[in-house]
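Each remark here refers to the structure printed beneath this line.
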Amino acid sequence: MEARSMSSTNANAAAIRAFRILEIISEAREPLSLMEIVERIDLPKQTVHRLIKQLECAWIVTRNMPDRRYECSSRVRNMAVHMLMGAGPAAARRAILQQLVETVQETCNLAISSRDDIVYLDRVQVNWPLRVQLNPGSRVPYHCTSSGKLLLSFLPRSQREHLLKKLPLRGTTRQTITDLDKLRQELVEVRRKRVSTNNEEYMTGIIAIAVPVMLDRSRACAAVAIQAPAERTTIEKLMTHLEPLRDAANQIAETFR
C-alpha cells in the first residue's frame with residue numbers, strides 16, 4: 001500500500017513539473033531552447049529533457065525549424081482556442097462585440113493567432129441582407145486580412161520573420177499583397193499606427209479594419225475588426241469608427257487579464 005502511494009506521489013510530481021514546463025513554453029514570446037527552459041524551471045537538465053521528450057511524444061510540444069527550439073504544438077493551440085471560445089469570459093466578450101455592432105452597424109469579430117493562420121474566437125453579424133458567413137472557429141490567412149496583418153505586426157521580429165518566410169502568400173484576390181518586402185513595409189506602418197486595413201485583399205467586395213487587444217504596452221493577444229461590403233461603405237468611413245472600436249478592444253483586453 002505504501003509503495004503504491006509513493007508511486008502515485010511521484011507520478012503527480014512529474015505531471016506538475018511537465019505542466020510547469022508547458023506553462024514556461026507557452027508564456028515565452030519565442031520558442032525556447034532546452035537550456036532556457038532549464039534556467040526558468042530550476043530543475044536538473046536531465047529531468048527537464050526527459051519530461052520534454054514525453055511531452056513531445058504526446059504531441060503537446062514540438063520543435064520548430066530550423067533551430068529546433070521548443071514550442072507548443074497545434075494540439076495545445078487548438079485546445080487553447082476551444083477554451084477561450086467556451087470559457088466564462090467568452091460571454092463578456094460577445095456582449096462587448098454585440099454592443100460594438102449596435103454602435104457601428106457593421107459586422108465585428110474577435111480573432112487570435114493560431115500557429116500558421118488566425119482563428120475567429122467570436123463574430124457578431126450585423127442584420128443586413130449582404131453578409132459573409134465566417135463563423136467562430138473559422139480560420140483565415142495572416143497576410144490578406146486586417147486582423148492577420150495586425151497580429152503579425154506585433155510578433156517579436158525573429159518570430160515574425162520566421163513565420164513570414166514560411167507563409168504561402170497566395171493571391172486570393174487582385175488586391176492581395178503577395179510580395180514579401182511590400183508586406184514587411186505595411187506591417188511596420190500597421191504596428192506604428194496600431195490599426196490595420198483589408199481593402200478587398202481576402203474576398204472581393206469585402207473590406208475591414210482592425211485594432212489590437214493589448215495585454216500590455218507591447219503585446220497584442222487578439223484583434224477586433226469591423227468588416228463590411230465595399231459596395232456599401234469605404235475604408236475611410238470605417239476609420240470614423242476607430243474610437244468605439246478601440247474602446248471595445250480595451251474592454252475585451254480586461255477579459256484576457
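Here are the numbers for this structure:
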{"read-out": "Number of the exception - R219 against (1) more than 24 Å from Q175 (Cβ to Cβ); (2) at pLDDT 95 or above", "value": "(2)"}
{"read-out": "Options V104, V76; residue that is modelled with pLDDT of 90 or more and buried (at least 16 other Cβ atoms within 10 Å of the Cβ)", "value": "V104"}
{"read-out": "Qualifying residue in segment 210-226 (condition: more than 21 Å from I252 (Cα to Cα) and outside any strand (DSSP E or B))", "value": "no"}
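The values are calculated or read from the model by the stated rules, or taken from the named source; none is laboratory data. Predicted, not measured: the structure shown is a model, and the values here were computed from it. Here Cβ is always computed from backbone atoms with ideal geometry, including for glycine, and neighbour counts include all displayed protein chains.
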